[in-house]
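Chemist: Structure incoming, see below.
The values are calculated or read from the model by the stated rules, or taken from the named source; none is laboratory data. This structure is a prediction, so every number in the text was calculated from the model and none was measured. All Cβ positions, even for glycine, are placed from backbone atoms using ideal geometry, and neighbour counts span all protein chains on display. These accessible areas exclude ligands, DNA and RNA; they are computed on the full protein's heavy atoms, side chains included. Shrake-Rupley method; radii C 1.70, N 1.55, O 1.52, S 1.80 Å.
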Protein chains: 2
Amino acid sequence: MNRVLDSAERLLAASGLARASRALTSSLPEQIATRLSERIVAGAYAPGQRIMEQALATEFAVSRGPIREALRLLERDGLVAILARRGAIVTNPSIAEVKEIFDIRAMLNGLRDRLIAEDPQRAKVLAALEPEVARLTRLAREGKQGQEYVEIVWTLNRVLTEACANARLKHILDSLARQTLRYSQLGLSTPERRRQSVQHWQKLLEAIRKGDGATAERIARERVTDSRDAAIRALQEAPQPVSAAKKRGPA
Amino acid sequence: MNRVLDSAERLLAASGLARASRALTSSLPEQIATRLSERIVAGAYAPGQRIMEQALATEFAVSRGPIREALRLLERDGLVAILARRGAIVTNPSIAEVKEIFDIRAMLNGLRDRLIAEDPQRAKVLAALEPEVARLTRLAREGKQGQEYVEIVWTLNRVLTEACANARLKHILDSLARQTLRYSQLGLSTPERRRQSVQHWQKLLEAIRKGDGATAERIARERVTDSRDAAIRALQEAPQPVSAAKKRGPA
DNA sequence: GCATACAAGATTGTTGACAATCCTACAAAG
DNA sequence: CTTTGTAGGATTGTCAACAATCTTGTATGC
């Protein structure tokens with residue numbers, strides 16, 4: 001339908017977030033939550049739009065009970081806000097809130113990568129990361145544009161988060177990643193930024209290889225902080241980043 | 001009824017966590033969740049104990065719907081685990097999981113205190129912190145034992161978290177604090193540890209006063225890491241820290 | 001012309017009942 | 001004596017309807 005929307009959907013698939021956290025568990029509310037989160041991230045529901053329970057219940061051919069639970073799950077992930085007696089509306093994070101989320105991610109990505117660097121069994125993770133970083137390097141050298149770059153970066157992040165020994169950290173990072181998925185494309189827009197991103201990843205791999213947790217943490221943190229600043233700059237220039245349309249009423 | 005239980009209840013009240021996050025919103029499921037979380041933290045439900053929906057519905061004189069929602073809220077906070085078709089059981093975090101939570105808190109408390117130190121309007125927070133730290137210093141000098149010490153530390157943490165400009169960070173920290181409330185008393189057991197804790201707080205205040213975000217972050221992180229190690233040591237010595245009884249069946 | 005009050009419709013919160021699944025106890029076979 | 005299969009009760013998951021609240025459109029007053 002729409003180019004931006006398509007790329008967002010591909011990004012979601014590449015990120016593996018939907019599958020990673022819920023789809024296989026086969027609980028009805030979780031399945032519904034997964035499908036709804038895909039729509040929100042893809043921009044099918046505009047920020048600020050109200051989501052009615054009965055409409056979804058009819059669409060998914062279930063009762064309102066599972067729908068309600070699914071909406072609470074989305075609230076937990078920050079994709080909708082639920083107001084008492086007024087239902088769920090798609091969140092529209094302000095620039096300040098996006099910055100907040102990135103600040104938290106900077107700290108926790110730092111912890112994640114430090115833990116991995118200090119893990120005696122990190123060789124396996126490295127084996128998964130190395131070919132991806134090699135692809136990234138090649139793409140950057142060839143000056144290639146496009147979606148592929150973003151997808152590789154998401155894969156790298158997913159591999160690192162999956163490998164994380166701290167289950168609760170993994171959970172929080174997944175949740176935060178879903179919340180910033182809508183803005184993740186903004187961080188790699190210019191060729192210079194991509195070149196710097198590649199350098200960051202190479203240095204991170206080096207630090208993990210050496211088992212240097214402190215360096216791994218510092219690099220991860222810098223990387224997210226850079227993404228944060230880039231995303232904020234992009235948001236300030238274009239206040240409506242993903243969804244062009246501003247539909248508020250029912251579809 | 002039981003001394004340990006009493007002190008846990010006082011601690012919960014002093015921490016202000018229940019009130020801070022839910023009680024005033026007056027939604028029925030949230031009220032129920034608050035009361036249940038008090039019971040879990042106080043040890044009225046033993047770890048591993050199964051919680052049945054119908055029993056709670058009868059007790060609170062509501063239908064099972066709000067009870068279900070309340071249990072999902074507790075799951076979000078990590079106080080119960082919900083298994084498909086098997087309901088909610090009170091979580092019994094392993095030592096490894098407690099360490100995980102403390103590791104996350106170390107990072108995020110660091111972010112919190114750095115943000116506060118870099119906040120131009122930090123004077124107001126300082127004004128609230130200073131008398132408490134003074135009380136702490138006095139207690140330590142007098143070599144006083146007892147609950148008061150723990151309560152002051154909780155107040156300090158609550159003031160800092162409340163003052164945090166990052167709303168999402170505040171939310172995550174509240175949630176993590178609830179999860180470790182059961183173990184927070186373990187960190188300050190010996191007089192030496194308390195003296196060191198006082199020093200940490202004094203240095204933290206100093207850093208905030210100067211606007212030295214990096215130092216504030218480092219100190220906060222050290223403090224949580226120390227608490228973590230102390231809590232783990234205590235847990236290894238006494239595997240059943242809060243609730244003495246090991247009731248698994250219905251009460 | 002604009003703001004306010006009211007009424008009808010729509011939407012969420014809650015309830016009680018039904019269906020599907022799980023756990024326990026007991027019996028039968030190896 | 002241990003293990004496997006089965007039946008009953010118990011518990012969670014889902015549904016449809018009712019009550020309480022909110023939103024929207026309209027009319028009225030200034």
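Chemist: For the stretch B:28-106 and the stretch A:164-234, write down the distance between their C-alpha centroids in whole Å.
Modeler: The stretch B:28-106 and the stretch A:164-234 have Cα centres separated by 34 Å.
Chemist: For A:G48, go 7 angstrom from Cα along the Cα-to-Cβ vector, then report the distances to that same point in the other copies in nm, smallest first.
Modeler: Listed shortest first, these distances are 5.4 nm.
Chemist: Continuing with the same structure: With a 1.4 Å probe on protein heavy atoms only, tell me which residues of the stretch B:32-69 lose at least 30 Å² of accessible surface in the complex relative to the chain by itself.
Modeler: B:E69
Chemist: With every protein chain left in place, what is the accessible area per residue of the stretch B:48-136 in square angstrom, probe 1.4 Å?
Modeler: Each residue of the stretch B:48-136 exposes 45 Å² on average to a 1.4 Å probe.
Chemist: Oh, and also: Taking accessible area as the heavy-atom solvent-accessible surface of the protein chains with a 1.4 Å probe, which residues of the stretch A:103-145 lose no less than 30 Å² upon going from the isolated chain to the full protein assembly?
Modeler: Relative to the lone chain, where solvent access is computed with a 1.4 Å probe, the stretch A:103-145 loses at least 30 Å² at A:D103, A:I104, A:M107, A:L108, A:L111.
Chemist: Continuing with the same structure: For A:A96 and A:E38, what does the FRET efficiency come to when R0 = 25 Å and r is the distance between their Cβ atoms, rounded to the nearest 0.05?
Modeler: So the FRET efficiency works out to roughly 0.40.
Chemist: Let me ask something else. Given a Förster distance of 30 angstrom, what is the FRET efficiency for A:E162 paired with A:V62, based on the Cβ-Cβ distance and rounded to 0.05?
Modeler: 0.45
Chemist: Further question: Need one word for the stretch A:49-126: rounded, prolate or oblate. Basis is the Cα gyration tensor (sqrt eigenvalues a ≥ b ≥ c); a/c below 1.5 gives rounded, then a/b vs b/c decides.
Modeler: Judged from the Cα gyration tensor, the stretch A:49-126 comes out oblate (a/c at least 1.5, b/c at or above a/b).
Chemist: Between the label point of A:R138 and that of the same position in each other copy, find the distances and list them shortest first in nm, with every label point placed 7 Å from Cα along the Cα-to-C-beta direction.
Modeler: 7.0
Chemist: Could you work out the relative contact order of the stretch B:95-237? I mean the mean sequence separation of Cα pairs under 8 Å and 6+ apart, divided by the number of residues, in percent.
Modeler: Normalised by residue count, the contact order of the stretch B:95-237 is 48 percent.
Chemist: When only DSSP loop residues count, what GluC sites (Glu not before Pro) in the stretch B:116-156 have their Cβ near at most 12 other Cβ atoms within 10 Å?
Modeler: B:E142
Chemist: May I pose another question? May I ask you to list the residues of the stretch A:211-234 whose amide nitrogen lies under 15 Å from a point 7 Å from Cα along the Cα→beta-carbon direction of B:D212?
Modeler: none
Chemist: For A:Q121, put the label point 7 Å out on the Cα→Cβ axis and report which residues of the stretch A:142-177 keep their amide N under 13 Å from it.
Modeler: Zone members listed by number: A:163-166.
Chemist: Taking all protein chains in place and a 1.4 Å probe, what share, in percent, of the accessible surface of the stretch B:67-213 do carbon and sulfur account for?
Modeler: Carbon and sulfur atoms account for 50 percent of the accessible area of the stretch B:67-213.
Chemist: Continuing with this model, one more query. With charges only on Cβ, +1 for K and R and -1 for D and E, what is the dipole size of the stretch B:95-237 about its Cα centre, in debye, rounded to 20?
Modeler: I would put it at about 160 debye.
Chemist: Now for a different question. For every other residue with a beta carbon closer than 13 angstrom to the beta carbon of B:V98, add +1 if it is Lys or Arg and -1 if Asp or Glu, then tell me the sum.
Modeler: +2
Chemist: Give me the accessible area buried between chains A and B, both sides summed, with a 1.4 Å probe, in Å² rounded to the nearest 100.
Modeler: Interface between A and B: roughly 2100 Å².
Chemist: So what's the projected area for the stretch A:95-237, the Cα convex hull averaged over all directions, in nm²?
Modeler: So the Cα hull casts an average projection of 7.6 nm².
Chemist: Using the 7 Å Cα-to-Cβ label point, sort the distances from A:E162 to its equivalents in the other copies shortest first and give them in nm to one decimal.
Modeler: When each copy's label point is compared with this one, the spacings are 4.4 nm.
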